[in-house]
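The values are calculated or read from the model by the stated rules, or taken from the named source; none is laboratory data. Since the model is a prediction, treat every value here as computed from it, not as a measurement. Don't worry about glycine lacking a Cβ; one is built from the backbone with ideal geometry, like all the others, and counts go over all protein chains shown.
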Amino acid sequence: MKSQKLNNETRGIQSVERALKIIEVLSKGNGSSAFEGISLGSIAKDTKLNISTCHHIIRTLLEKGYVSQNSPGGAYFLGGKVQELSSSRAIQFSLAETSMPELRKLNSLTGENVHLAVMQGNELSILTNLRSLHIIQVDLGSVNFSNSAHATAIGKSILAWLPDNEVKKIIKEKGLTKFTKKTITDFGSLTQHLRLVRRFGYSVDHGEFLEGVTSIGTVLRDQSGKVLGSVTCTLPISRATKKTTEFISNSLIKCALELSTRISGVYNR
C-alpha cells in the first residue's frame, strides 16, 4: 500500500512537471507569432512527450483555462488564466511597492509589526511584513495565514467589506478552523462580528488566531471603494492596552486613507 501511494504521488508530480513544460513552450511561442499558436506535434517534440500524453495534458489545461485553441484541431496558445495570474501578481507587487512608504511610517509611529495583506482567491496572503521595533515582539515569519481570514484582524478587515456571497464562498471552501479557544467558529457569530468591524472601521483579535497575540487591522480600499486588502499591526497581548489599541486603530485608519489616495493616484496615471 505504501509503495502504491508513493507511485501515485510520483505520477502526480510527473504530470505537474509535464504540464509546466507545456506552458513554458507555449510562452516562448516556438518562433511563431502569438496569434498563430503552436501545433500539438511541435509541443510534443519540444517537451519530448509522446503525442497521446501531450494531448491528454493539454485537454486538462484547456478545461482549466491555462491553454486556448483557435479552432477544433487547431494550434494552441496560452489561455486567459495564465494572463490573469500574471496580471494579478503584477498588481500585488505594485501594491506592495506603492504602499511601502506609508507602511514604514506606521511601523515607526506604532513600533509594532505592520502587515499588508490581500485575498488571493479564497486564501489570505501577506504581501509585506515589517518587524516590530520593540525587543519583545511577535515573530510571524513562519506563520501560515492562508486559512485564517475568519480568525485574524488581518482577514476580518477584508471580509467585512466583501459582498455576502463572496464571504460565504470563502468560508465554505476554507471552513472556520478553531485555532484557539477564542476563535469564532460559527458563521452567524462571524457575520455579527463583521457588522461591528464595518461600524467601527477596524477589527481586533485578542488571541483568536495565536495565543497571547493581538492584531488590529483596517481595510484598504481605492477611492472607488474597491477592496484591495488590509493593513494591520500585531503585538503581544500584554502591550494591547485600551489606550494602545485606540492609538493603533486610529493610526491604521489614517494610514489606510493615505494609501487609498496614493494608490489611486498611481493606478490612474
task = Please give the number of the condition GLY155 fails out of (1) over 17 Å from the mean Cα position of the chain (by Cα); (2) surrounded by 13 or more Cβ atoms within 10 Å (Cβ to Cβ).
result = (1)
ask   = Is it the case that the range 116-128 has a residue that's surrounded by fewer than 18 Cβ atoms within 10 Å (Cβ to Cβ), of a type in the set (Ser, Thr, Tyr), within 16 Å of the chain's Cα centre (by Cα) and in a loop (DSSP other than H, G, I, E, B)?
value = no
message = Among (1) within 17 Å of SER157 (Cβ to Cβ); (2) in a helix (DSSP H, G or I); (3) out of contact with any Cys (no Cβ under 8 Å at 6 or more places or on another chain), there is one condition ILE248 misses while meeting the rest; what is its number?
response = (3)
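Can you tell which of LYS243, LYS226 is surrounded by fewer than 20 Cβ atoms within 10 Å (Cβ to Cβ), at pLDDT below 95 and not aliphatic (A, V, I, L, M)?
Working: LYS243 fails: at pLDDT below 95.
That would be LYS226, the only listed residue that is surrounded by fewer than 20 Cβ atoms within 10 Å (Cβ to Cβ), at pLDDT below 95 and not aliphatic (A, V, I, L, M).
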ask   = For ARG239, are the conditions met, namely being within 21 Å of ASN122 (Cα to Cα) and in contact (Cβ under 8 Å) with a residue 24 or more places away in the chain?
value = no
message = With the structure loaded, tell me whether ILE184 is β-branched (Val, Ile, Thr), within 16 Å of GLU123 (Cα to Cα) and crowded, with 18+ Cβ neighbours inside 10 Å or whether it fails that test.
response = no
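Quick check on the range 183-213: of everything there that is touching a residue at least 60 places away in the same chain (Cβ under 8 Å) and in contact with a helix residue (DSSP H, G or I) (Cβ under 9 Å, 6 or more places away or on another chain), which residue is nearest to LEU130 (Cα to Cα)? First the steps, then the outcome.
First, the residues of the range 183-213 that are touching a residue at least 60 places away in the same chain (Cβ under 8 Å): 209-210, 213.
Right, trim to in contact with a helix residue (DSSP H, G or I) (Cβ under 9 Å, 6 or more places away or on another chain) and you get 209, 213.
Values: PHE209: 19, VAL213: 16 Å.
Among them, the one singled out is VAL213.
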Yes/no for ASN30 being at pLDDT below 70, surrounded by 14 or more Cβ atoms within 10 Å (Cβ to Cβ), over 30 Å from THR245 (Cα atoms) and not assigned by TED's automatic domain parsing to the domain that holds THR214 = yes
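Kindly establish whether LYS178 is modelled with pLDDT of 95 or more, among the basic types (Lys, Arg), in the same structural domain as VAL204 (by TED's automatic domain parsing) and more than 17 Å from GLU123 (Cβ to Cβ).
yes
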ask   = Are any residues in the range 129-143 touching a strand residue (DSSP E or B) at 6+ places or on another chain (Cβ under 7 Å) and not in a strand (DSSP E or B), and if so, which ones?
value = ARG131, SER132, ILE136, GLN137, VAL138, LEU140
remark   = Being over 19 Å from VAL138 (Cα atoms), in contact with a strand residue (DSSP E or B) (Cβ under 6 Å, 6 or more places away or on another chain) and either assigned to a helix (DSSP H, G or I) or without any contact (Cβ under 8 Å) to a residue 60 or more places away in the chain (or both) narrows ILE154, ILE171, ILE158 down to just ILE158
